[in-house]
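A quick write-up on the structure given underneath.
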Amino acid sequence: MTGRRRNILFVTTDQQRYDTLGCNGGALARTPVVDALAAAGVRYERAHPQSVVCMPSRSTILTGQHPSTHGVWMNGVALPEDAPSVAGVLHDAGYRTALVGKAHFEPYFDPFLRFPENALGQAGTTAPAGTHRGFEHLEFATHGPAGTLHYTRWLAAAHPEAMGAYYRVLDDALQVSAAGGGDTGAPQVGVNPIDRGWYHTDWVADRTIAWLDGLDAGDDWFCWMSFPDPHHPWDPPQSEMHRVDWREVPLPAGYPADAADRERILDAKPRHWRLWYDGALVSNYEAPARWVPATLTADQVREVNARNAVECELVDEALGRVLARIEERGWGPDTDVVFSTDHGELQGDFGLLFKGPYHVDALMRLPLVWRPAPSAGAAPAVVRRPVGLVDLAPTFCTIAGIDPPGWMQGRPLPADEDDAVARRFEQVLTEWDSALFGTDVHLRTITRGGWVCTAYRPGAVHDGTEGELYDLGEDPLQQANLWDDPARRGLRDDLLAALRDAAPPTRAPRLPLEAPV
Amino acid sequence: MTAARGSVRSELRIGRPADDLWAIVGDPGRLAEWFPGVASCTVDGDERVVTTDAGLSMPEQLLTVDRLQRRFQYRITAPLFREHLSTVDVHDLGDGTSLVVYSVDAEPSVMALVLGGAAAAALERLRAMTEEPGR
């Protein structure tokens, strides 16, 4: 150590799969920057979110609590302003704190400008009270020039000709658009003529660097740099599309090319899987309401994956620029870098895109890399035991030399596999609750001992007896649901008992749904 | 399939007599006092124009202002809405308290969620300003 506290650069993407990084075996996107962090630090092979949608998952990251406890049970439910925040803990301990990019602790649909994230876009980069959720500096972006966020206002002022370049995310009914684009007509795919330097990925890096440049050399800092990509729409700058030719992209292992195979696999799962595939049920706002997944073609899967890979490469390069600036400022030896995302993306698995109440690796297995500050002298490691995003907040506290507060439900991440075994990192929980115009779906999932077990609570299309059980070792694509296998009944009951025993406290009364997203 | 039209209802018990609440809810010119995010409103006959904190201007048609039922209804006529009807009912519970019910029906359905969320916040503010005046 050099005598000062360790800085923390926390990098998130949005809706990025585990297998999109080179260090995790991905072969499509080149991600040398994150790969180098992984080689020098700790790479987690089974990091799970506690929710597979943005607002609940991001609230878990910030609070260190499960969704049941912090109360943000679905997109459109605002995290209360007085909710606990790891950024607040660090700020109170003297850290300079910033959040640059996508926040999404509050709904975006906000014509009354009721929520501070939206109001701040018009008011500046500092909250009226000095901090908001513990962050003294806030500059927001999302998946294009939407709403009143800082990126929107910057693009409108600096490059108004580019405002119409992005894919139009919502349709005339304000639903997630099913309009197709690109070469294959895949939904949420668009040709974006925007200059690469004006794209939100580079903007997030630029604004992060600008904030870092404003700090004194001796400041201790925590910066959450939050890229909106590779979440759909898949419309990276067209100038970069030469990087990956979609025609040469292999179909994902999780995409059964034969329709009969797809449907057989889906039919062995709880019925909402097949109902969505056939376009008969849309249970939430996380995918285009007017898109029928059964119409997805192999070429569309290829093009979506190609565009997603380009977006991942741009994020990696933007991160590289920020890391270079940190080195130039002399902070490199004392800076921890944590890279992750909020949840995954189906991206062709099972013949589906986007996300929803589907607790499988596509949505639950996340990239997570922790490169401790080089001055800490930690050895590189790979952790195979399950960990959760709920463990990030206490990890940040530990890095800063602060005891994690009692309201955090996670634990500091293990430094290596031996540490994970010694501290009994054995299971991780994920939950889903949606209720939209009379259609509700409720899932509770435990990942433990190489198995994923999901119990369904009664809802619009479930009677509470349904479930899913997958052997991650024998069935890494989760295509064989063993829930009703008599030979697995004892195992299933044990997992359900562990799930019940580990259930986190539930916030009451339930927070209101105030917007679709 | 996702319905084109959405319907959302919020309700809140408030510790004030119904007539006191109706004096606020039933006066279309007082909306900015209790509806978060409404910067101002102007009333001209049965037309009201609401300006939000985001700078949006939303023209409305006032449909029902019934002091006997304590029922207030209006329709947003902005082009964003294919259909809209909001209803605010103030029920006297007979013990010096009231139940205020705010219902929103709209197409596109998304707008029912957005308005319904704001309406729920409005009821909370109505309670705060009447139960804790001066707050």
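Numbers below:
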| item | result |
| --- | --- |
| Counted residues, segment B:77-105 - those being in a loop (DSSP other than H, G, I, E, B), within 12 Å of chain A (Cβ to nearest Cβ) and out of contact with any Asp or Glu (no Cβ under 6 Å at 6 or more places or on another chain) | 4 |
| Residues satisfying the stated conditions in segment A:420-440, i.e. away from chain B (no Cβ under 14 Å) and either among the aliphatic types (A, V, I, L, M) or assigned to a loop (DSSP other than H, G, I, E, B) (or both) | A:ALA420, A:VAL421, A:ALA422, A:ARG423, A:ARG424, A:PHE425, A:GLU426, A:VAL428, A:LEU429 |
| Qualifying residue in segment A:487-509 (condition: assigned to a loop (DSSP other than H, G, I, E, B), closer than 30 Å to B:GLU11 by Cα, open to solvent by less than 30 Å² (accessible area, probe 1.4 Å) and within 14 Å of chain B (Cβ to nearest Cβ)) | no |
| Residues of segment B:59-72 satisfying the condition of being surrounded by 19 or more Cβ atoms within 10 Å (Cβ to Cβ), among the acidic types (Asp, Glu) and more than 14 Å from chain A (Cβ to nearest Cβ) | none |
| Every residue from segment A:390-419 that is of a type in the set (S, T, N, Q) and in a loop (DSSP other than H, G, I, E, B) | A:GLN409 |
| Test: A:GLY197 is surrounded by fewer than 20 Cβ atoms within 10 Å (Cβ to Cβ), away from chain B (no Cβ under 14 Å) and in a helix (DSSP H, G or I) | yes |
| Candidate set: segment A:128-164, residues that are of a type in the set (A, V, I, L, M, F, W, C), assigned to a loop (DSSP other than H, G, I, E, B) and open to solvent by 10 Å² or more (accessible area, probe 1.4 Å); chosen: the one modelled with the highest pLDDT | A:MET163 |
| Only listed residue being of a type in the set (S, T, N, Q) and open to solvent by 30 Å² or more (accessible area, probe 1.4 Å), chosen from A:THR430, A:THR465, A:THR454, A:THR445 | A:THR465 |
| Filtered residues of segment A:277-316 (kept if open to solvent by 30 Å² or more (accessible area, probe 1.4 Å) and in contact (Cβ under 8 Å) with a residue 60 or more places away in the chain) | A:ARG290, A:THR297, A:ASP299, A:ARG302 |
| Contacts under 9 angstrom Cβ, first residue in segment B:1-22 being away from chain A (no Cβ under 12 Å), partner surrounded by fewer than 20 Cβ atoms within 10 Å (Cβ to Cβ) and among the aliphatic types (A, V, I, L, M), 6 or more apart | B:ARG13/B:LEU93; B:ARG13/B:LEU99; B:ILE14/B:LEU99; B:ALA18/B:LEU93; B:ALA18/B:LEU99 |
| Residues located in segment A:354-366, provided they are surrounded by 24 or more Cβ atoms within 10 Å (Cβ to Cβ) and farther than 20 Å from A:LEU469 by Cβ | A:LEU366 |
| A:VAL337 vs. criteria of a type in the set (Val, Ile, Thr), within 26 Å of A:LEU215 (Cβ to Cβ) and outside any loop (DSSP other than H, G, I, E, B) | yes |
| Subset of segment B:108-135 [within 11 Å of another protein chain (Cβ to nearest Cβ) and open to solvent by 40 Å² or more (accessible area, probe 1.4 Å)] | B:GLU124, B:ARG125 |
| Single residue of B:GLY37, B:GLY29 found to be within 14 Å of another protein chain (Cβ to nearest Cβ), more than 30 Å from A:ARG290 (Cα to Cα) and either basic (Lys, Arg) or in contact (Cβ under 8 Å) with a residue 12 or more places away in the chain (or both) | B:GLY37 |
| Residue match in segment B:106-126 (condition: aliphatic (A, V, I, L, M), assigned to a strand (DSSP E or B) and without any contact (Cβ under 8 Å) to a residue 24 or more places away in the chain) | no |
| Top-ranked residue of segment A:102-124 - restricted to ones that are surrounded by 19 or more Cβ atoms within 10 Å (Cβ to Cβ) and away from every other protein chain (no Cβ under 12 Å), ranked as nearest to A:GLN175 (Cα to Cα) | A:HIS104 |
| The one condition in (1) closer than 24 Å to A:PRO80 by Cβ; (2) within 11 Å of the chain's Cα centre (by Cα) that B:ALA128 fails to fulfil | (2) |
| Scope segment B:1-14; condition within 12 Å of the chain's Cα centre (by Cα) and open to solvent by 70 Å² or more (accessible area, probe 1.4 Å); matching residues | B:ARG9, B:GLU11 |
| Subset of segment B:15-58 that is under 16 Å from B:LEU85 (Cα atoms) and more than 14 Å from the chain's Cα centre (by Cα) - its residue that is surrounded by the fewest Cβ atoms within 10 Å (Cβ to Cβ) | B:ASP46 |
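Rundown of residues vs (1) open to solvent by 10 Å² or more (accessible area, probe 1.4 Å); (2) within 14 Å of chain B (Cβ to nearest Cβ); (3) among the β-branched types (Val, Ile, Thr), yes/no style:
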| residue | (1), (2), (3) |
| --- | --- |
| A:ALA268 | yes, no, no |
| A:HIS272 | no, yes, no |
| A:LEU275 | yes, yes, no |
| A:SER340 | no, no, no |
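The values are calculated or read from the model by the stated rules, or taken from the named source; none is laboratory data. The shown structure was predicted, so the numbers you read here are calculated from the model rather than taken from an experiment. Virtual Cβ from ideal backbone geometry, glycine too; neighbours counted across all protein chains shown. SASA here: full protein model, heavy atoms, side chains in, ligands and nucleic acids out. Shrake-Rupley method; radii C 1.70, N 1.55, O 1.52, S 1.80 Å.
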